[in-house]
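These notes concern the structure reproduced below.
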Amino acid sequence: MNDNGVILKAKDIEKSYRMGQIQLKVLKGINLNVRKGELVVVVGASGSGKSTLLHILGALDKPDKGRVSFNGKDINSQSNRQLNHFRNKTVGFVFQFYHLLDELNVLENVLLPTMAGKSIAGWFVCRKSAKKRAAELLDKFGLSGRTKHKPYQLSGGERQRVAMARALMNEPELLLADEPTGNLDSETGNGILNVLEQLNRDGQTIVMVTHDERIAGKARRVIKLVDGVIKPA
Ligand SMILES: Nc1ncnc2c1ncn2[C@@H]1O[C@H](COP(=O)(O)OP(=O)(O)OP(=O)(O)O)[C@@H](O)[C@H]1O
Ligand SMILES: [Mg+2]
């Protein structure tokens, strides 16, 4: 973290997709600083590059130009091993369509990020405390009665709460949420937003993409993507 409390810094980010002969410039020079404890809401028309930006911020994708740094370290020049650590430990992702594994039950889905970062022996050592944390998170999100359910046996709101528990399992410094309410009715979506707002009040740094004008209206910091750059919202 630097002096201003900035933990995430995106500088001059450019990203294009090539489709045959056509090059589609999606991001044309994005500059963004996120301070520890902030809730940053990203808005913009469909196709404006919100998901692309979020994926780049979380090292799920690489920019063509520009740099993303986290706590002063350039994430794009890291080794695969360091990047895996960053994706698994430093950031947590919540997606519009949950991306839960249907073969695993709720508890197993939430445990997955912790298991994924461990050897068998390492998992053996920490499994008790991991299960305790997973159970606590599920309880916090009102899902203690659903731990043995498979994702397809849950409502949309419940699935998204499982996805949030999974994202928070490794206590990420940064939570990235891509339209976490986009697939939910407004009441259920409000429940998810309340959870996110509470997490932010408890200190969680969050960057969240949304289509929802009402959410954007309530947020303290909103950035808008227009024509590949950030316009004041
Ligand atoms: N892998 C890809 N290959 C080619 N084009 C892509 C790819 N991913 C995204 N695009 C294009 O880049 C543009 C930005 O996509 P992106 O998913 O970031 O938009 P978005 O702002 O998240 O939109 P939405 O609000 O609909 O989710 C779109 O026009 C899309 O078609
Ligand atoms: Mg999107």
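Miscellaneous remarks
- log₁₀ of I(q)/I(0) at q = 0.24 Å⁻¹ - the range 55-113, Debye sum with one point per alpha carbon: -1.01
- Relative packing of peptides 18-29, 171-182 - highest average C-beta neighbours within 10 Å first: 171-182, 18-29
- Expected-Rg normalisation [2.2 N^0.38 Å, Cα atoms] applied to the chain: 1.02
- Taking Phe95, Phe70 and counting other C-beta atoms within 10 Å, the order from fewest to most: Phe95, Phe70
- Amide H contacts of Gly228 (H built 1.01 Å from N, in plane; Pro and chain starts excluded): no residue 5 or more places away or on another chain comes under 5 Å.
- Karplus-derived HN-Hα couplings along the range 31-41 (A = 6.51, B = -1.76, C = 1.60, θ = phi - 60°), whole Hz, x at Gly and Pro: 10, 8, 10, 10, 8, 4, x, 7, 10, 10, 9
- Rg followed by Dmax, in Å, when the range 1-86 is reduced to its Cα trace: 13.6, 45
- Centre-to-centre, using Cα atoms only, the range 157-174 and the range 19-44 are separated by 23 Å.
- Built amide H within the under 5 Å cut-off of Lys65, gap 5+: Glu14
- Where only C-alpha atoms are counted, convex hull volume of the range 33-74 per residue in Å³: 87
- Radius 13 Å from Cβ of Leu39, net charge of other residues (Lys, Arg +1; Asp, Glu -1): +3
- Computed E for Arg201/Gln23 - FRET, C-beta separation, R0 35 angstrom, nearest 0.05: 0.25
- Theoretical ellipticity at 222 nm over the chain - DSSP helices of four or more residues, -39500 (n - 2.57) apiece, nearest 500: -10500 deg cm²/dmol
- The range 37-159 - Debye-derived log10 I(q)/I(0), Cα point model, q = 0.21 Å⁻¹: -1.28
Throughout, read-outs are computed from the coordinates displayed, never taken from laboratory work. Being a predicted model, the structure only gives us computed values, none of them experimental. Cβ coordinates were reconstructed from backbone atoms using ideal geometry, including for glycine residues, and neighbour counts include every protein chain displayed.
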